[in-house]
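Participant: Okay, here's the structure, questions in a sec.
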Amino acid sequence: MKVLVTGAAGFIGSHLVERLCGRGDSVIGFDNFDPFYARARKEANLAGVPERADFHLQEGDLRSSADIARAFEIAPGAIDVVVHLAALAGIRPSVVDPERFYDVNVMGTLRLIEAAKRAGCRRLVFASSSSVYGLDSALPFQEDAACGRPLSPYASSKRAGELAAFHAHHLDRLAVTTLRFFTVYGPRQRPDLAIHKFTRLISEGQPIELHGDGSSERDYTFIDDIVDGVVAAIDRQAADPEPRHHVYNLGGSRSTSLRGLVDLLGQAIGETPRIVWKPDRPEDLPRTLADVSRAHAELGFSPRVTLAEGCGRFVAWWRAHAR
């Protein structure tokens, strides 16, 4: 199978590239090496791709139709499926610069879909987010929720990307699978995300800032479980002769409080966290929890890594690689 992976040098993308190359797929990676964090980190993310793998990397930006077109031409043969992971991520940064988030996450997705159609690629796996569930979504979050009241520009941009993918299915008969990721963590996680940032600060004896009273809850999902789900979605789509539209939650299916997460990290590090309490933020959901029954029934998805085990794995990776 020949797969185009956008965001290939990022946290999730690099793990997926390794998995696909490891099983013998031909992979085209597309990444713009956004300066949000150091380029060297992203280059290191791809160091684990097997030397003899059929892997080509195209540097380019979703804001450039020409860059995207080149990604479909970098290697001979038609691309079978696009896995669209690239996005501007982060709820709080999106509040500061919503226009840029819409340009990349919405218009970039549209440009990619149009390029795929022109290149004859008829299959898309789109990475969305649990953030699309908002004020009108009941717990546990189910895929059929209306998702009409997202709380941040990031959340609404991902929801708009989902809708763009749906109308490509409806009007152009593309096979589309949308995957809603729930708070993914693990080795290579972006340095601005909570588990990475808290690990660094606790290890250095510095205080960490927590918003609210520590009772907010998240459904944390280890990277290996997420990649299992993405690969299962790719393979299920490939085996289906009909161009269908599917939406799946990929989550750990268990919520943990913010204070509980910090305690688990403190135990894994062997230090007592120092906490500075800050006010709640209106763009944050108070709780997320994935109903993964559909993904389990149709993709065989079953999260295996507990948060305690995953925190331990992350701390071990951080100590070995991220200082």
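Okay, residues lined up against (1) open to solvent by less than 20 Å² (accessible area, probe 1.4 Å); (2) closer than 30 Å to Q206 by Cα:
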residue	(1), (2)
G252	no, yes
T256	no, yes
R259	no, yes
L265	yes, yes
A290	yes, no
L299	no, no
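Participant: Let me ask another. Based on this model, can you work out whether G161 counts as open to solvent by less than 10 Å² (accessible area, probe 1.4 Å), in contact (Cβ under 8 Å) with a residue 12 or more places away in the chain and under 20 Å from the mean Cα position of the chain (by Cα)?
Facilitator: So G161 passes the test.
Participant: For segment 21-64, how many residues are open to solvent by 50 Å² or more (accessible area, probe 1.4 Å) and among the hydroxyl-bearing types (S, T, Y)?
Facilitator: So the count comes out to 0.
Participant: Just for helices (runs of 4 or more DSSP H) wholly inside segment 240-323: which have at least 2 residues that are touching a His at 6+ places or on another chain (Cβ under 9 Å) and under 22 Å from F181 (Cα atoms)? Lay out the reasoning, then the answer.
Facilitator: Details: elements: 258-269, 293-299, 307-321.
Here the list reads 293-299.
Participant: Still on this structure, I have one more. State yes or no: is R118 of a type in the set (D, E, K, R), over 17 Å from N32 (Cα atoms) and surrounded by fewer than 20 Cβ atoms within 10 Å (Cβ to Cβ)?
Facilitator: On the way: of a type in the set (D, E, K, R): yes; over 17 Å from N32 (Cα atoms): yes; surrounded by fewer than 20 Cβ atoms within 10 Å (Cβ to Cβ): yes.
Yes.
Participant: Then there is this: Answer yes if at least one residue in segment 201-208 is hydrophobic (A, V, I, L, M, F, W, C), farther than 18 Å from F182 by Cα and in a helix (DSSP H, G or I), and no otherwise.
Facilitator: Keep residues of segment 201-208 that are hydrophobic (A, V, I, L, M, F, W, C), which gives 201-202, 208.
Now restrict to residues that are farther than 18 Å from F182 by Cα: 201-202, 208.
Next, from what is left, pick out any that are in a helix (DSSP H, G or I): 201-202.
Yes: one or more hits.
Participant: Here's something else I'd like to know. Can you tell me which residue within segment 65-90, out of those that are free of Cβ contacts under 8 Å to residues at least 40 places away in the same chain and of a type outside the set (D, E), is surrounded by the fewest Cβ atoms within 10 Å (Cβ to Cβ)?
Facilitator: Within segment 65-90, the match that is surrounded by the fewest Cβ atoms within 10 Å (Cβ to Cβ) is P76.
Participant: Turning to a different aspect of this structure: Could you check how many residues of segment 166-219 are farther than 28 Å from P243 by Cα and among the aromatic types (F, W, Y)?
Facilitator: The qualifying residues number 2.
Participant: Further, regarding this structure: Residues of segment 34-77 being modelled with pLDDT of 90 or more and more than 26 Å from I223 (Cα to Cα), which ones?
Facilitator: Matches in segment 34-77: R63, S64, S65, A66, D67, I68, A69, R70, F72, E73.
The values are calculated or read from the model by the stated rules, or taken from the named source; none is laboratory data. Treat the numbers as computed from the prediction; the structure is a model and nothing was measured. A quick note on method: Cβ atoms are made from the backbone with ideal geometry, for glycine too, and the neighbour counts reach across all protein chains shown. Keep in mind that these areas ignore ligands, DNA and RNA; they rest on the heavy atoms of the full protein, side chains included. Shrake-Rupley method; radii C 1.70, N 1.55, O 1.52, S 1.80 Å.
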